[in-house]
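Quick notes on the structure that follows.
The values are calculated or read from the model by the stated rules, or taken from the named source; none is laboratory data. Everything quoted here is computed from the prediction, not taken from an experiment. With ideal geometry, Cβ positions are generated from the backbone for all residues, glycine too; neighbour counts draw on all protein chains shown.
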Amino acid sequence: MQEHPFALYVRTLGRGKRARRSLTREEAADAMAMILRGQAQPAQVGAFLMLLRVKEETAEELAGFLDACRVVCEQRLQGFPAVDVDWPSYAGKKKHHPWYLLAARLLADSGLRILMHGGPAHTPNRQYSDGMLAELGVMLPESIDTAAAQLETEGLAYLDVDQFCAPLGELLMMRFELGLRSPINTLARSLNPAGATLSMQSVFHPAYLELHLGAARACGDQHLLLFKGEGGELEIRPDARTALTGLRHGELAEGVLEAALPRQTPPGQVSPAHARAVWRDEAQDDYGVAAVHKTVAAVLWGLEKAASLEEGEQAAKALWAARDRGVL
């Protein structure tokens, strides 16, 4: 019996401590391309992902995965409108209300085009962007063409990963079978499927910052904004000091957003209805408004629409004060 071609990559990662090694970028790209084409068996894919998880993926491996996935994304999104901000949203919310959705709406209303994308509900007891956007009255497009039209008219559109790189959705759902997150969670955040000017990426743990940054540099990405967001989503915590890092014209860019509030106790629930009430001035939430201000400030700074984070915060406050309260 002839050995399965994908077995080479499992063996490369799974040999003993002295014999195993990381994949080269070319090997990683080939392995991911095989997975996307359905040429690897489920047992092989599970072993591959967990070996990577234990070893910890390298920036070169992540860059190779991106090489394979971005080809698929480009094919699926050919002719898609230009996007200003790529907004991956794969973590879900558990403890705080979804203030990042208000930040995205505010930025879109200011004239920016924001593509938000996410995957299936792969972690129990969390609420995900697609469901929360629907609760806020934002249409979830059934097709890429509908999303393109929505982006043109409303400035904000959401796509499920199944719509532009379908196999990744299934891989994310393997969390239920494997009991652990896999490198696919990191990969999905890094996709920037529409080639937006600014790629935004949030991490659960600061150690992942170098991984994301290294892969982006390897892929030639020019504008990137990285930070540890609340619960893994792209939302600045206003009760903590947040370090920002990334790329600007391919060069390292760093900044800091200082805390605006003392440490707060999370509400322990997720309510899009409460966030909408704050948007409409029907409820007050100092934490939520500050989270919106700081998240918007970070994006404006990342896009060079604000010369500093302080200037970005002032601009964010002005946008918030002038918002259309009836849009949500």
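Does LEU101 count as under 20 Å from ARG237 (Cβ atoms), assigned to a helix (DSSP H, G or I) and under 16 Å from the mean Cα position of the chain (by Cα)?
Working: under 20 Å from ARG237 (Cβ atoms): yes; assigned to a helix (DSSP H, G or I): yes; under 16 Å from the mean Cα position of the chain (by Cα): yes.
The answer is yes for LEU101.
Let's see how each residue does on (1) more than 20 Å from the chain's Cα centre (by Cα); (2) not β-branched (Val, Ile, Thr):
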position: LEU191; (1), (2): no, yes
position: VAL203; (1), (2): no, no
position: LEU209; (1), (2): no, yes
position: ARG217; (1), (2): no, yes
position: GLU235; (1), (2): no, yes
position: PRO238; (1), (2): no, yes
position: GLN264; (1), (2): yes, yes
position: GLY268; (1), (2): yes, yes
Those residues of the stretch 145-161 which are touching a residue at least 40 places away in the same chain (Cβ under 8 Å) and either surrounded by fewer than 18 Cβ atoms within 10 Å (Cβ to Cβ) or charged (D, E, K, R) (or both) amount to GLU152, GLU154, ASP160
Fill in: Any hit, the stretch 191-210, residues being at pLDDT below 95, of a type in the set (A, V, I, L, M, F, W, C) and assigned to a helix (DSSP H, G or I)
yes
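Please determine whether any residue of the stretch 18-26 is at pLDDT 95 or above, surrounded by fewer than 19 Cβ atoms within 10 Å (Cβ to Cβ) and part of a helix (DSSP H, G or I). Show your work before the answer.
Going residue by residue through the stretch 18-26, those that are at pLDDT 95 or above are 22-26.
Filter once more, keeping what is surrounded by fewer than 19 Cβ atoms within 10 Å (Cβ to Cβ): 22, 24, 26.
Okay, now just the ones that are also part of a helix (DSSP H, G or I), so 26.
Within the stretch 18-26 (the criterion being at pLDDT 95 or above, surrounded by fewer than 19 Cβ atoms within 10 Å (Cβ to Cβ) and part of a helix (DSSP H, G or I)), the answer is yes, since at least one residue qualifies.
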Residue set GLU57, GLU61; condition in contact (Cβ under 8 Å) with a residue 12 or more places away in the chain, assigned to a helix (DSSP H, G or I) and not polar (S, T, N, Q); output residue GLU61
Restricting attention to the stretch 85-121, the residues that are touching a Leu at 6+ places or on another chain (Cβ under 8 Å), among the charged types (D, E, K, R) and surrounded by 22 or more Cβ atoms within 10 Å (Cβ to Cβ) number exactly 2
Here the qualifying pairs (Cβ atoms under 8 Å; residues six or more apart or on different chains; first in the stretch 164-193 and farther than 21 Å from TYR208 by Cα and in the same structural domain as ALA59 (by TED's automatic domain parsing); second β-branched (Val, Ile, Thr) and modelled with pLDDT under 95) come out as none
